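The values are calculated or read from the model by the stated rules, or taken from the named source; none is laboratory data. Values in this document were obtained by computation on a predicted structure and should not be read as measured data. Reconstructed Cβ throughout: ideal geometry from the backbone, glycine too, with neighbour counts over all protein chains shown. Just so you know, the surface numbers come from the protein's heavy atoms only, side chains and all, with ligands and any DNA or RNA stripped out. Shrake-Rupley method; radii C 1.70, N 1.55, O 1.52, S 1.80 Å.
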Amino acid sequence: MAPPADPFEITDEPAAAETPPARRAVAPAVYLDGLNEEQRHAVTHGDGPLLVLAGAGTGKTRVLTTRIAHLLLTGRSRTSQILAVTFTNKAAREMLDRVASVIGGAADGMWLGTFHAIGVRVLRRHAELIGLKSNFTILDTDDQVRLIKQLLQAEGIDDKKWPPRVLSGVIQRWKDRALTPDKVANEDAGEFANGKAGEIYRQYQARLAEVNAVDFGDLVMHCVSLWQKHPDVLAMYHSRFRHILVDEYQDTNVAQYLWLRLLAQGTPDVCCVGDDDQSIYGWRGAEVGNILRFEKDFPGATIVRLERNYRSTPHILAAASHLISHNEGRLGKTLWTELKQGERISLRGVWDGDEEARTIGEEIEALQRDKHLLSQIAILVRAGFQTREFEERFITLGLPYRVIGGPRFYERQEIRDVMAYCRVTVQHDDDLAFERIYNTPRRGLGESALRTLRMIQRSQKISLFEATRRALETDELKARPRKALGDLIKNFERWRAMLDGMNHVEVVESIIEESGYTDMLRLDRSPEAEGRIENLKELTNALQEFDSLPAFLEHVALIADNAEKAGADMVSVMTLHAAKGLEFDTVFLPGWEEGLFPNQRALDEKGLSGLEEERRLAYVGLTRARKRAYVSFAANRRIFNQWQAAIPSRFLRELPTGHLAESSDAGLYATYSAGHHGGMRDQATGFEYESLGVGGKRTRWRDETFDDRRAVEGDKPDLSIGQRIFHQKFGYGRIVAVDGNKLDIEFEKAGPKKVLDSFIEAA
């Protein structure tokens, strides 16, 4: 049988056409060499369901691919009788290559691919049974949104108040749960368009069928419906597959779970590989419960725990294992390794985000001087907005870096949009910036109005902004676009005037709100919307460091220029979610503070389950490190131009002191001594904690970094109302009121603040 042109193509030739795998000239014992006892047990497991609980760095991919090869080389299965499901095409290709290297030839005819890739092949073969033709089209996200917008307009629903992209996300979440329109309850329709989401979903599916199309959610959901409604079709696949293997089982959603359960009715040989402690994608539909109830779903199942880690040092593994042991929703395992002890985890408290970035930058420079490759260093953040301070610090230091899983901070869409507003405010003749935000957020301006403005621009050799002003004085534009453009021009002129008498940070805050950009993001219910709002808050933080808006715009332009000159050996900066599956010699984990990590939104929306997923995210972050892990938190964070006191993350006290570095910071995990907040000084003005310290000894912790910022207790300056003072964070100011050791101070730049007297000095 000739190999298919597409390595992931599912062929339908009968198994008899294949050469029995046992005839391949490969010594069976060779591929088992080097496996540890648990890995060998998983690979050679006989009949019956098998769950391989594979901890981080325990060699799960090797086990999965070697098991497939074992099934072929021992004659237990033919290639066409194996179904292996992964989550990414990259993983599928890697598995295919590894299997081929073990068996000594291509594994032709094996069904190996993602849920969606296999779903496509099934649906193309049985398309007529679900009301489609076999040459159906798969819509991308933009096509989905465009179709939904048409349906909303046909129903007379305002697509500005009820954005199509939001409804698209709602529909995809229903499909992740295998909910067809007839299964969506009225209460599930939510508040979108006054409860009309379910009806639009029904119309959306009908329209897809009319144009012979599906979206990605359909590729799994339609398979579930097909097999439920046509038992004869399901029986055909039952007779075909003798062995089913699923990778990353902890990341499956409800639809994928049902898809597997239906197929698994035809064979007892189901092998799922996953790690309940690394289930971190609940926000996109993953159900950790799928792996937790494996034994109930598949009675008599064998569970093999892969606990020997080949990646990280004992200190890192012990800390990660102790941390994750606080989760109740887990099957339980403890990682261990035969590697050398290595370095303890470094735990550091800093004053604010800027100091955190500076300290980490200096540490990276020291590692670089010791010949440490930058490509083996990663900074893993909980939220995307955290990357900004690191990016700017690395630019200053000349450290090349890459942002993985997303654009650099100043290249993000929402940042570029607001920057375009700022550029036009400062310089009305910036045509590129004006054209970018001409209809962003949407204000009813189409291509026709823009063509009119360009025609005026070219004929009179003026800027688009000036062309717009002149067009408003004529009848060239229709009433609706004339009003929208008139409001936009008035806003720009008003913002420009505000720059003369207001702080530039306040002006940009006004631009973000009054342009409608914040409202647009608030209406967006996608998982990314909250992060985009946080990025805009971080943008206003960055503005604080510059004297004027033009100076800031010039700075950003220089950053963009430097970014193009970065070399190949670069520090990796990414979110914790993007880091799953990766590993580095050295990992920095900044921002371990309550509200940031664990994320407050996750706690508010999901309660205990949200907290446990956040803890799994911390576990994933720690286990990315091979040799060194640095955890840090700040006493203060500047959020939307406001300094906010930060409380150390509860995860810090869940790190065992015996595996933390012997430093003044190591006892911070016990900030909540004996389960309470006692002994912690107000972080808005101080930075001092009572902790258990290394080895359980109760100590008063002070970060020596701040020793020069505080007056020693008992050595306070004489203070009086009207006196000019200096505060390290807020600068110069004058005392306006005294209440014991608390002072009300009017700072020259930071405005009115209440601080403790031990943190100021006479000016």
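A few comments on the model shown:
- Solvent-accessible area per residue in the stretch 394-526 equals 49 Å², computed with a 1.4 angstrom probe and all protein chains kept.
- Peptides 33-39, 73-79 ordered by average Cβ neighbours within 10 Å, highest first: 73-79, 33-39
- Nonlocal amide H pairs with residue 644, under 5 Å, H built at 1.01 Å: 637, 638, 639
- Electrostatic bookkeeping for residue 53 treats Lys and Arg as +1 and Asp and Glu as -1; over the other residues with beta carbon under 11 Å from its beta carbon, the sum is -1.
- For the chain, DSSP calls about 40 percent of its internal beta bridges antiparallel.
- Förster radius 25 Å - calculated FRET efficiency between residue 528 and residue 158, Cβ distance, rounded to 0.05: 0.65
- Relative contact order for the chain, counting Cα pairs under 8 Å that sit 6 or more residues apart, in percent: 13
- The stretch 186-254-the stretch 42-61 distance, computed between alpha-carbon centres (Å): 29
- For residue 238, the shell of other residues with beta-carbons less than 14 Å away shows a net charge of +1, using +1 for Lys and Arg and -1 for Asp and Glu.
- The stretch 83-165, accessible area per residue, ligands and nucleic acids excluded (1.4 Å, Å²): 47
- Label-point separation, residue 429 to residue 37 (7 Å along Cα→Cβ), nm: 8.0
- These residues, 159, 487, go from largest to smallest accessible area, 1.4 Å probe, as 487, 159.
- Using alpha-carbon coordinates, inclination of helix 314-324 to the longest axis of the chain, degrees: 90
- Peptide packing for 620-627, 597-604 was compared via the average number of neighbouring C-beta atoms within 10 Å per residue; ordered from the highest value, the list is 620-627, 597-604.
- Per residue of the chain, the DSSP helices (runs of n ≥ 4 H) give a summed -39500 (n - 2.57) that works out to -12500 deg cm²/dmol at 222 nm.
- Cα-based Kirkwood hydrodynamic radius, the stretch 292-431, one decimal, Å: 19.6
- Put the Cα centre of the stretch 305-351 next to the Cα centre of the stretch 110-134 and the gap is 42 Å.
- Helix 197-210 vs. the chain, principal-axis angle (Cα, 0 to 90°, nearest 10): 50
- Global geometry of the stretch 446-487, whether rounded, prolate or oblate, following the gyration tensor of its Cα atoms and the 1.5 cut on a/c: prolate
- Percent accessible area from carbon and sulfur atoms, the chain, protein chains only, probe 1.4 Å: 48
- Relative to the longest principal axis of the Cα atoms of the chain, the long axis of helix 89-103 makes an angle of roughly 40 degrees.
- Among residues other than residue 200 with Cβ under 12 Å from its Cβ, the summed charge is +1 (Lys and Arg +1, Asp and Glu -1).
- Here residue 452 sits with roughly 20 square angstrom of accessible surface, probe radius 1.4 Å.
- Semi-axis lengths, largest first, of the ellipsoid equivalent to the chain are 49, 39, 22 Å, with √(5λ) applied to each eigenvalue of the Cα gyration tensor.
- Candidate cross-link partners of residue 753 among the aspartates and glutamates, defined by an alpha-carbon separation under 16 Å and a same-chain spacing of 8 or more, comprise 682, 739, 744, 761.
- Relative packing of 211-217, 651-657, which averages over residues the other C-beta atoms within 10 Å, highest first: 651-657, 211-217
- Restraint check, 196/229; 160/483; 161/580, Cα-Cα greater than 26 Å: 196/229; 161/580
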